[in-house]
Amino acid sequence: MHEFHIDGEGGRSYSILVEEVDGTRPDLAPILLDIDLQTFSEPTFSSYSAAALLHGARVFLLRADANVIGTCVCLRTWERPDEALLLSMGVRPGWRGRGLGQRFLAEVLTVLHERGLRAVRLLVSRDNRRAFALYRDVGFQEADVVEDSRSGERFVVMRTDLPHTLASTAP
């Protein structure tokens, strides 16, 4: 994975790295839960589902030096095995607004493409304007709208073809 540097407060420089997690790391479940709680208004994962995702999904970490500052979880879809669903992505508060989410997601998409995937889909609330803008900036486009039958909340389904994404985010 590629490494890059950013400057933090007080002139400190951080080495930023995206890491694909090996499924044998159950110690990371609390980190997935913690970043999830800092990112979304309600919990996405339980302890069980976080541990299960570490064994069955592709989990990526965004690190600043040795500290995990972001997570991204992707699953292959049943209907289209060459397509993934981006289930969750979050960056800790204090690290947001520096372009890290865009670089993190671009790196994740590159790895998924290298693994043979051709497209990625995700669901995002239209009310989550920052996430919606991030996904558009990386090349996702609106594909559909789905509604949560329990809450009535509407989510936008966004999709990107990976070769298109890679071309549009190259430096």
(request) Check Gly101, Gly90 and return the single one that is closer than 19 Å to Leu37 by Cα and assigned to a helix (DSSP H, G or I). (result) Gly101
(request) Specify the residue that is modelled with the highest pLDDT; the eligible residues are those in the range 70-95 that are out of contact with any Gly (no Cβ under 8 Å at 6 or more places or on another chain) and among the β-branched types (Val, Ile, Thr). (result) Val73
(request) Kindly indicate which of Ala51, Ala106, Ala84 is among the small types (Gly, Ala, Ser), in contact with a helix residue (DSSP H, G or I) (Cβ under 8 Å, 6 or more places away or on another chain), without any contact (Cβ under 8 Å) to a residue 60 or more places away in the chain and not in a strand (DSSP E or B). (result) Ala51
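Does Leu54 satisfy the criteria of being at pLDDT 90 or above, surrounded by 12 or more Cβ atoms within 10 Å (Cβ to Cβ) and within 28 Å of Arg118 (Cβ to Cβ)?
For Leu54, the condition - at pLDDT 90 or above, surrounded by 12 or more Cβ atoms within 10 Å (Cβ to Cβ) and within 28 Å of Arg118 (Cβ to Cβ) - is not met.
The values are calculated or read from the model by the stated rules, or taken from the named source; none is laboratory data. Keep in mind that what you see is a predicted model, and the values were worked out from it rather than measured. Cβ coordinates were reconstructed from backbone atoms using ideal geometry, including for glycine residues, and neighbour counts include every protein chain displayed.
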